[in-house]
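The values are calculated or read from the model by the stated rules, or taken from the named source; none is laboratory data. Model, not experiment: these values are computed from the prediction. A quick note on method: Cβ atoms are made from the backbone with ideal geometry, for glycine too, and the neighbour counts reach across all protein chains shown. These accessible areas exclude ligands, DNA and RNA; they are computed on the full protein's heavy atoms, side chains included. Shrake-Rupley method; radii C 1.70, N 1.55, O 1.52, S 1.80 Å.
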Amino acid sequence: MTTTIEEVEETPSAYQRVGGGPAVKAVVGRLYEELTADPELSRFFEGVELSKLRAHMAALLSQVLGGPADYTGRELGEAHAGLGITDADYDRVGAHLIAILGEFDVPGDIVAQVGQILESVRETIVEPAQAEGS
């Protein structure tokens, strides 16, 4: 059986399946509530303009999910350089995001897709561990 152009066009993107922009913004808003309340992560957000950060994250997540390609922020590595983000920090943020996607009843295949993307950009965001005595 072959797939027609009409069938491809009718297949909703992950972005459409989760509810589009309003749903992504709600997830991102909830994510930053959790991150700023987390005693292990809140230091990363001190003095940061959260409304701007939320807007960038919503645009990035929308794009990742197959929605509008409106992300205009810095490259991930540049944006996170010098913050001292460890694997443990990154895992903690990822766990919050995955849990929140669950709260919003995001389908499992989309949650898995987000998890894969998180892993694919880990090395861009996490800073290499410093050798002891350095």
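What is the log10 of I(q)/I(0) for the chain, computed with the Debye formula using one identical point scatterer on each Cα and no solvent, at q = 0.11, 0.20, 0.22 Å⁻¹?
-0.44, -1.31, -1.57
For region 55-134, what class follows from the C-alpha gyration tensor (a ≥ b ≥ c being the square roots of its eigenvalues): rounded when a/c is under 1.5, otherwise prolate if a/b is larger than b/c, else oblate?
Judged from the Cα gyration tensor, region 55-134 comes out oblate (a/c at least 1.5, b/c at or above a/b).
Whenever you get a sec, compute what percent of the accessible area on region 3-127 sits on carbon and sulfur atoms (1.4 Å probe).
Roughly 53 percent of what the probe reaches on region 3-127 is carbon or sulfur.
Return, ordered by residue number, the residues of region 101-117 whose backbone nitrogen is under 20 Å from a label point located 7 Å along Cα→Cβ of residue 70.
Flagged as within label range: none.
May I ask you to compute the full-extension gain from residue 99 to residue 112, defined as 0.36 nm times their residue separation minus their alpha-carbon distance, rounded to one decimal in nm?
Taking residue 99 through residue 112 to full extension adds about 3.5 nm, to one decimal.
Sequence gap at least 6, Cα distance under 8 Å: using those rules, report the relative contact order of region 1-92 to the nearest whole percent.
RCO, region 1-92: 30 percent.
Would you mind getting the accessible area per residue of the chain, heavy atoms of the protein chains only, 1.4 Å probe, in Å²?
Per-residue accessible area for the chain comes out at 63 Å².
Taking a probe of 1.4 angstrom, what is the accessible area of residue 109 in Å², to the nearest 10?
90 Å²
What is the spin-label model distance, in nm, from residue 13 to residue 122 if the labels are put 7 Å beyond Cα along the C-beta direction?
Output for this residue pair reads 2.7 nm.
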